[in-house]
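The values are calculated or read from the model by the stated rules, or taken from the named source; none is laboratory data. Since the model is a prediction, treat every value here as computed from it, not as a measurement. A quick note on method: Cβ atoms are made from the backbone with ideal geometry, for glycine too, and the neighbour counts reach across all protein chains shown. These accessible areas exclude ligands, DNA and RNA; they are computed on the full protein's heavy atoms, side chains included. Shrake-Rupley method; radii C 1.70, N 1.55, O 1.52, S 1.80 Å.
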Amino acid sequence: VMESFVNRVRDVIDYLVQQRATDPQRIAACGISRGGFAALHLAAREPRVAAVAAFAPVTDLAALHEFAGAEELPAVQALSLSRAAAQLAGRPIWLIIGDQDHRVGTDHAIRFARSVSRASQEAKIPGGLELHVIPESAGHTVALAAFEQAAQWIDQQFFDEGAP
């Protein structure tokens, strides 16, 4: 599933770069929930994605009730984002999740963030993941202000001094 998605997005990126509609050094992927899952998988497989902002992302399919009873299947395990930690090590990632997100699992998101941090340490490269765990009693949601915060963060990645 993710390979097909990544290949389609690569085609779009290729087209946009060819048309000079985008700067190949300033590509960001963003997503909410499963969209965050897809954006992170894209970044792990496509080096032109220079930054990712993920809002209450799925980080482990086994956490979703839709996969109850299938948690141990190799295909489900293979798509856990923690398995992509080495490919995401040192990459700029902005992740936000509520402290009571029982839908995708706050603890799963934290474990994913730690796995990327560990992979960065092991590769001896500076960590690039910024994790925000915010008070959120409504569960699987984030405040509208998070989108503006992420936009500012992406802007800093691309336009601050020292950015590519």
### Cα shape, the stretch 91-162, gyration tensor, a/c 1.5 rule
oblate
#### Entry: DSSP-assigned coil residues among GluC sites (Glu not before Pro) in the stretch 118-164, each with at most 13 further Cβ atoms within 10 Å
GLU161
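Using unit Cβ charges (K, R positive; D, E negative) and no other charged atoms, how large, in debye to the nearest 20, is the dipole of the chain about its Cα centre?
Working: 14 positive and 19 negative charges, 85 e Å.
The calculation lands at about 400 debye.
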### Message
Contact order normalised by length for the chain, with contacts defined as Cα pairs under 8 Å and 6 or more residues apart; what percent is it?
### Response
20
### Task
Mind pulling the angle between the C-alpha long axis of helix 2-18 and the longest principal axis of the chain? Nearest 10 degrees, somewhere in 0 to 90.
20
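May I ask you to give the solvent-accessible area per residue for the stretch 1-122, in square angstrom, as obtained with a 1.4 angstrom probe? Don't skip to the answer; put the middle values down first.
Details: 5990 Å² over 122 residues.
Computed with neighbouring chains in place, this is 49 Å² per residue.
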### Query
Which of ILE110, GLY90, ALA68 sits farthest toward the positive end of the charge dipole of the stretch 59-164, with +1 on the Cβ of Lys and Arg and -1 on the Cβ of Asp and Glu?
GLY90
### Message
Just to be sure I understand, if you calculate Rg/Rh (Cα atoms, Kirkwood Rh) for this structure, which of (i) 1.17; (ii) 1.04; (iii) 0.96 do you get?
### Response
(iii)
### Summary
For the chain, the longest principal axis of the Cα atoms and the Cα long axis of helix 106-122 enclose an angle in degrees, to the nearest 10, of 50
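So how strong a dipole does the stretch 17-88 carry about its Cα centre when Lys and Arg Cβ are +1 and Asp and Glu Cβ are -1, to the nearest 20 debye?
Values: 6 positive and 6 negative charges, 86 e Å.
The calculated dipole for the stretch 17-88 is roughly 420 debye.
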## Note on the structure
Taking protein heavy atoms only, a 1.4 Å probe, and rounding to whole percent, the accessible area of the chain owed to carbon and sulfur comes out at 53
